[in-house]
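Okay, structure first, notes after.
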Amino acid sequence: MDFDLTEDQRMIQDSVERLMADRYTFELRQKYRREAEGWSRAVWRKYAELGLLALPFDQQDGGLSGTPVETMIVMESFGRALALEPFFGTIILAGGILRHGAGAAQREAIIPRIVAGEMTLALAHHEREARYARDHVAVTAKRSGDGWILQGRKDLVLQGDSVDRLIVSARTAGATQDADGVGLFLVDARAQGVSRHGYPTQDGLRAATVTLDSVHASTADVVGHPAQGLSILARVFDEATAAICAEAVGAMAALHALTVDYLKQREQFGVKIGSFQALQHRAVDMFMSLEQARSMALFATMMVSSSNAAERGRAMSAAKVQIGRSGRYIGEQAIQLHGGIGMTMEYKAGHYFKRLTMLDILLGDSEHHLGELAAGGGLFQDE
Amino acid sequence: MDLRFTPEEIAFRDEVRSFIRAALPASIRHKMVEGRDLSRDDVVAWQRILNRRGWSVANWPKEWGGTGWGPIQQYIFMEEIQMAPAPRPLAYGVFMVGPVIIAFGSEAQKRRFLPRIANLDDWWCQGFSEPAAGSDLAALKTTARRDGGEYVVNGQKTWTTYAQYADWVFCLVRTDPAAKKQRGISFLLIDMKSKGVVVRPIETIDGGHEINEIFFDDVRVPADNLVGEENKGWDYAKFLLGSERTNIARVGVSKERIRRIKELAARVQVRGRPLLDDDIFRRKLASLEVELKALEITQLRVVAAERNRAGRGTPDPASSILKIKGSEIQQATAELLLQVVGPQAMPYGLGDDIGGALAFGELWEMTAAPTYYNWRKISIYGGSNEIQKNIVARSILGL
């Protein structure tokens, strides 16, 4: 048992931390946010130069064969910086689907372009009626000649308004919540019949509703077996959960540090407010919540490689419970300890709070995952 | 990074586990599972079993009977003890005064006391707190006045666990009344059979008798029983309180309690269905499991950091939260068990001597409430959670 990073992992950590310190001050972030796509193409190219976009992909496909630990390192750093770029959608979600499901020709056509920073993707899976159910797919894919015709609507496609390509889940057989009968289709975001309606999300990032009206997909656009898409997605969502946990820990750590700094600077009644025991203890409670969350992010990172799907799922749910709770607690208390300034858009704390709130909701909030864990018989099963 | 145990660590765990399984007397194990008090003989018997295996003072250096295990093995050993569940070696000797004597005691003290601690020939208790010196421990007033080759001790200690069983007490005493607070304190070893030592029991809200007051009235203590230097006792006390980092969270205890809660909740029926099938109960239990898993990883982070640091430097910042979180979770398990028992927790008044099933309930039901009350102590002793938070605020957050 050890928690040490390898030499290479430390180098990745150093370089990504340096990049973010350099290119992701709060002021720059505000500027990126106002760019047309809501994120920075220039920074995205930097990610590509650093090899961050290559990390989880196989060496054979032009990647770096990174482990979940490398993903954790990068996501934590992005959380700290409140990065806006579509890394999660492109690399973790769509990239995960390609890694676990795509054939050689698809990987060869797409992954090098992702790695080079030339192509971004989004996963179009969520539908409004699904709430947190991951197997809810009503969008249809009907056979047509040697291809498929996609029909229906996808919601909350993260950064779906700015990406180049979509991976759309659609039902090739069966009823809306069947475990089988869902295929994953690569669709050009500008293809005929695709209309995208972009909007901001509560954290200042963007998402889109994607309407598919008789969109044609060829057989070559199907990722994996056209009826087995959900099993690919299940794996990818577990990886995405671990990644989110790491991002949240980065955001929590930065927000906690920001708050403690504030307690050391702000004076009232002629003293630093950090001298008040009530506030000190609150800062300690936040610290404990942060360290517990960090531990569960590590747990998720370790367990995400497990080949036992049930065990892996329990671990991800447990991690998501802790991350959601810690994120909410640290976010709320950070605003409270800052007082009025914490309520303003011109100050960073509120942005962390909102991102943490989003990360709780993404892929199922803490209450949802607690329910999953409870229904499955709890976390400690074979000890 | 790999959070799993290595094959060697797993082999070690299996070795410890199978030894405990074979060697732990069933009567002791049953008492532990059911939450009943152990007798002095139980504790002594088990420690001697461990001592024969060479494991009673596993944390000590090899030359004094220790094992030479690293932090991870120490952790695994204690977790196996807790999950068995078995009593741990008597802390006052093995984890408190023993390490202090090893670090600061004279050669004669080491030879005289250490082997008897290892075999629990001497039962030690801790004389730190006083009626007016609790969280503010350095406000202690018990004095030791030098008189030739002896100290003359006067004063009162309190909250002394198992003083009624003890042969010896290690005390913080004031040797320089003129010096400021922490400066004038010494670390003194006192024979409980000395003339002028009086123990008065304190009954606690759980109905048990663990803690006591000790009165010292002109107790004459040989000067040889001073540990280290006069007026340096505060440093030794800090060393003592900080020396146990590998198991402060008692994760194994909480794991065992959760296993027990599941077992009993499967037995208790609510409208013809096991309580364990109740959604709200399951959520509550799952929630506690998440907290415990997080604490376990946090504890392992500290253990791994201890290994990397090889005993040098300050503990990992995360270690400060172990006591707080660990106590909260242990208390939550006691509360949950109380809820599992439900109305049958109301009959009260279990003594040491009660053996089999009772007319008004079963033994496991009878111990839920006393344990619940007793475990409120966990967030108080060894520096209350509020004191722990003061420490974290100052030393980690810099507030």
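The values are calculated or read from the model by the stated rules, or taken from the named source; none is laboratory data. Bear in mind the structure is a predicted one, so any value in this text is a computation, not a measurement. Here the Cβ is made from the backbone with ideal geometry for all residues, glycine too, and neighbour counts use every protein chain on show.
Scanning segment A:94-109 for residues that are of a type outside the set (Gly, Ala, Ser) and either buried (at least 24 other Cβ atoms within 10 Å of the Cβ) or outside any helix (DSSP H, G or I) (or both) yields A:97, A:98. Is there a residue in segment A:332-355 that is in contact (Cβ under 8 Å) with a residue 12 or more places away in the chain and under 22 Å from residue B:262 (Cβ atoms)? Within segment A:332-355, not a single residue is in contact (Cβ under 8 Å) with a residue 12 or more places away in the chain and under 22 Å from residue B:262 (Cβ atoms).
Being within 14 Å of chain B (Cβ to nearest Cβ), more than 19 Å from residue A:280 (Cβ to Cβ) and in contact with a helix residue (DSSP H, G or I) (Cβ under 9 Å, 6 or more places away or on another chain): is that true of residue A:314 here? Yes, satisfied. Can residue B:84 be described as away from every other protein chain (no Cβ under 14 Å) and in contact with an Asp or Glu (Cβ under 9 Å, 6 or more places away or on another chain)? So residue B:84 fails the test. The residue that is farthest from the other protein chains (Cβ to nearest Cβ), among those in segment B:269-283 that are under 15 Å from residue B:341 (Cα atoms) and within 34 Å of the chain's Cα centre (by Cα), is B:275.
Against the definition (part of a loop (DSSP other than H, G, I, E, B) and farther than 29 Å from residue B:9 by Cα), how does residue B:110 come out, yes or no? Here the answer is no, as residue B:110 does not meet what is asked.
Number of residues in segment B:302-340 that are in a helix (DSSP H, G or I), modelled with pLDDT under 95 and away from chain A (no Cβ under 12 Å): the value is 1. Do the conditions hold for residue A:376, that is, is it within 14 Å of another protein chain (Cβ to nearest Cβ), touching a residue at least 60 places away in the same chain (Cβ under 8 Å), within 27 Å of residue A:130 (Cα to Cα) and out of contact with any strand residue (DSSP E or B) (no Cβ under 8 Å at 6 or more places or on another chain)? Here the answer is yes, as residue A:376 does meet what is asked. Among the residues of segment A:157-173, the ones that are touching a strand residue (DSSP E or B) at 6+ places or on another chain (Cβ under 8 Å) and exposed (fewer than 15 other Cβ atoms within 10 Å of the Cβ) come to 0 in all. Applying the condition of being exposed (fewer than 15 other Cβ atoms within 10 Å of the Cβ) and without any contact (Cβ under 8 Å) to a residue 40 or more places away in the chain to segment B:160-190 and asking which residue is farthest from residue B:92 (Cα to Cα) yields B:178. Scanning segment A:121-145 for residues that are over 18 Å from residue A:194 (Cα atoms) and buried (at least 17 other Cβ atoms within 10 Å of the Cβ) yields a count of 2. Condition check: among the hydrophobic types (A, V, I, L, M, F, W, C), more than 22 Å from the chain's Cα centre (by Cα) and not assigned by TED's automatic domain parsing to the domain that holds residue A:89. Does residue A:168 satisfy that? No.
Taking (1) assigned by TED's automatic domain parsing to the domain that holds residue A:176; (2) in contact with a Phe, Trp or Tyr (Cβ under 9 Å, 6 or more places away or on another chain); (3) surrounded by fewer than 24 Cβ atoms within 10 Å (Cβ to Cβ) in turn, residue A:211 satisfies each apart from (2).
A residue that is in the same structural domain as residue B:217 (by TED's automatic domain parsing), surrounded by 24 or more Cβ atoms within 10 Å (Cβ to Cβ) and farther than 25 Å from residue B:374 by Cβ occurs somewhere in segment B:129-145. Identify the residue in segment A:1-42 that is assigned to a helix (DSSP H, G or I) and within 14 Å of chain B (Cβ to nearest Cβ) and, among all such residues, is surrounded by the most Cβ atoms within 10 Å (Cβ to Cβ). Restricting to residues being assigned to a helix (DSSP H, G or I) and within 14 Å of chain B (Cβ to nearest Cβ), the top hit is A:12. None of A:295, A:317, A:289, A:307 is closer than 24 Å to residue A:368 by Cβ and out of contact with any Ser or Thr (no Cβ under 6 Å at 6 or more places or on another chain) except A:317.
Among residues that are among the small types (Gly, Ala, Ser), touching a Phe, Trp or Tyr at 6+ places or on another chain (Cβ under 9 Å) and in contact (Cβ under 8 Å) with a residue 60 or more places away in the chain, residue A:66 is not included.
Here is a yes/no grid of residues against (1) surrounded by 23 or more Cβ atoms within 10 Å (Cβ to Cβ); (2) in contact with a Pro (Cβ under 8 Å, 6 or more places away or on another chain); (3) over 23 Å from residue B:231 (Cα atoms):
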site: B:57; (1), (2), (3): yes, yes, yes
site: B:89; (1), (2), (3): yes, no, yes
site: B:107; (1), (2), (3): no, no, no
site: B:111; (1), (2), (3): no, no, yes
site: B:147; (1), (2), (3): no, no, no
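The set of residues in segment A:334-377 being at pLDDT below 95 and surrounded by 21 or more Cβ atoms within 10 Å (Cβ to Cβ) is empty. Give the residue that is surrounded by the fewest Cβ atoms within 10 Å (Cβ to Cβ), with candidates limited to residues of segment A:253-297 that are more than 10 Å from chain B (Cβ to nearest Cβ) and in a helix (DSSP H, G or I). Looking at the filtered set, the residue picked out is A:278.
Please count how many residues of segment B:258-275 are closer than 18 Å to residue B:362 by Cα and in contact (Cβ under 8 Å) with a residue 12 or more places away in the chain.
Final tally of qualifying residues: 7.
Which of the residues that make up segment B:91-105 are touching a residue at least 40 places away in the same chain (Cβ under 8 Å) and within 17 Å of residue B:225 (Cβ to Cβ)? Residues satisfying the conditions are B:92, B:96, B:97, B:98, B:100, B:101, B:102, B:103, B:104, B:105. Checked against the criterion of being without any contact (Cβ under 8 Å) to a residue 24 or more places away in the chain, surrounded by fewer than 20 Cβ atoms within 10 Å (Cβ to Cβ) and more than 25 Å from residue B:285 (Cα to Cα), segment A:300-310 contains one or more residues that satisfy it. Only one entry of A:53, A:64 meets the criterion of being in a loop (DSSP other than H, G, I, E, B), buried (at least 17 other Cβ atoms within 10 Å of the Cβ) and either of a type in the set (Asp, Glu) or not assigned by TED's automatic domain parsing to the domain that holds residue A:351 (or both), and that entry is A:64. Residues of segment B:366-399 being basic (Lys, Arg), within 14 Å of another protein chain (Cβ to nearest Cβ) and crowded, with 17+ Cβ neighbours inside 10 Å, which ones? Listed by number, the list holds a single entry, B:389.
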